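I'd like to ask you about the structure that follows.
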Amino acid sequence: MSYLAPAEFATKMVDAGESKVFMSTRDTLIRAYMAGAILALAAVFAVTIAVQTGVFLIGAILFPVGFCMLYLMGFDLLTGVFVLAPLAWLDKRPGVTVKGILRNWGLVFLGNFGGALTVAFMMAFIFTYGFNVEAGAIGSKVAGIGEARTLGYAEHGVAGWITIFIRGMLCNWMVSLGVVGAMISTSVSGKVIAMWMPIFLFFFMGFEHSVVNMFLFPFGLIMGGEFSVMDYFIWNEIPTALGNLVGGLAFTGLTLYTTHVRTGAKRTA
């Protein structure tokens, strides 16, 4: 049977969270680095398709290919460990502490950032032939995205910052369903279908994903985007990451854990 019942995959989520906390530093960094790099390639792939076809929907339909690849390879995104690692602590797994969870999140953040930055510089080199020519339509498109999703939010002050936070919440509500989707089925085709749907939705809706943004904004800066590194962190990366944490944990992790693992007492009548 290729489908796991909710109680079965919810338990797998807790097991996965425990394994993330106890993973070695070396393995955590390598897996996170690869995840950030592959997701960055998927992002530039989707933007390239959208620019060349003029149809954003096609780029959004194809973007999940990167997400499926990295999760089938067992690599880790910050958005995934935001959801899984705390469940092991809530389930009182021996040795799982808040310090261990924060350590895991920090290492995955660094690894994701390193992978995304590497791809940003590699793609920038390719598009400009070693920074000797203009990047063209794709570079201009990404630079424009960077400006709109930093300075564009900043124009609205606190309301703009909260807007990014909510977009981050909605994003990881969907993305974490993709993470869980990889656990729902035991077949590759079933995993891919379950992961594809929520990732397509988040990308098409333009929600904010902290790891995708680790590529888009540095790449946009290299491509001539008129915003600063501080604009990127204050008016995108920090509220996006916080939104991803709250949305993924509240809407996906806790709802599945409390209703399928630590269920309430049954009513008598």
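Could you provide, to the nearest whole Å², the per residue accessible area of the stretch 81-125 with probe 1.4 Å? Please list the in-between numbers first.
Details: 1990 Å² over 45 residues.
The answer is 44 Å² per residue.
Shifting gears a bit: For the stretch 127-190, state which GluC sites (Glu not before Pro) are in a DSSP loop and have at most 15 other beta carbons lying within 10 Å of their beta carbon. Don't skip to the end; give the middle numbers.
Values: sites: 134, 147, 155; in loops: 134, 155.
Answer by residue number: 134, 155.
Report the semi-axes of the equivalent ellipsoid for the chain in whole Å, largest first, where each axis is √(5λ) for an eigenvalue λ of the Cα gyration tensor.
Numbers: eigenvalues 214, 73, 66 Å².
After diagonalising the Cα gyration tensor, the semi-axes are 33, 19, 18 Å.
Leaving out ligands, DNA and RNA, what percent of the accessible area of the chain is carbon and sulfur, probe 1.4 Å?
Whole-percent figure for carbon plus sulfur exposure: 72.
Further question: Going highest first, how would you order 195-204, 17-26, 89-98, 74-83 by mean Cβ packing within 10 Å? Spell out each step's value before the answer.
On the way: 195-204: 20.6, 17-26: 16.4, 89-98: 13.3, 74-83: 26.5.
Ranking the peptides 195-204, 17-26, 89-98, 74-83 by packing returns 74-83, 195-204, 17-26, 89-98.
If a/c stays under 1.5 just call it rounded; otherwise compare a/b with b/c (prolate if a/b is bigger, oblate if not). Do that for the stretch 1-116, with a ≥ b ≥ c from the square roots of the Cα gyration tensor eigenvalues.
Working: a/c = 2.92, a/b = 1.63, b/c = 1.79.
Oblate, because a/c is 1.5 or more while a/b does not exceed b/c.
Moving on. Which whole-angstrom value gives the distance between the alpha carbon centres of the stretch 47-61 and the stretch 64-95?
29 Å
Another question about this same structure. Sorting 187, 2, 210, 140 by accessible area (1.4 Å probe), largest first, what list results?
Working: 187 35, 2 55, 210 0, 140 80 Å².
In descending accessible area the options line up as 140, 2, 187, 210.
Related question: Of 161, 105, which has the most accessible area with a 1.4 Å probe, and how do the rest follow in descending order?
Numbers: 161 80, 105 45 Å².
Greatest to least solvent exposure: 161, 105.
The values are calculated or read from the model by the stated rules, or taken from the named source; none is laboratory data. Note that the structure is a prediction, hence the values are computed from the model and not measured. Note that we place each Cβ from the backbone using ideal geometry, even for glycine, and neighbour counts take in every protein chain shown. Just so you know, the surface numbers come from the protein's heavy atoms only, side chains and all, with ligands and any DNA or RNA stripped out. Shrake-Rupley method; radii C 1.70, N 1.55, O 1.52, S 1.80 Å.
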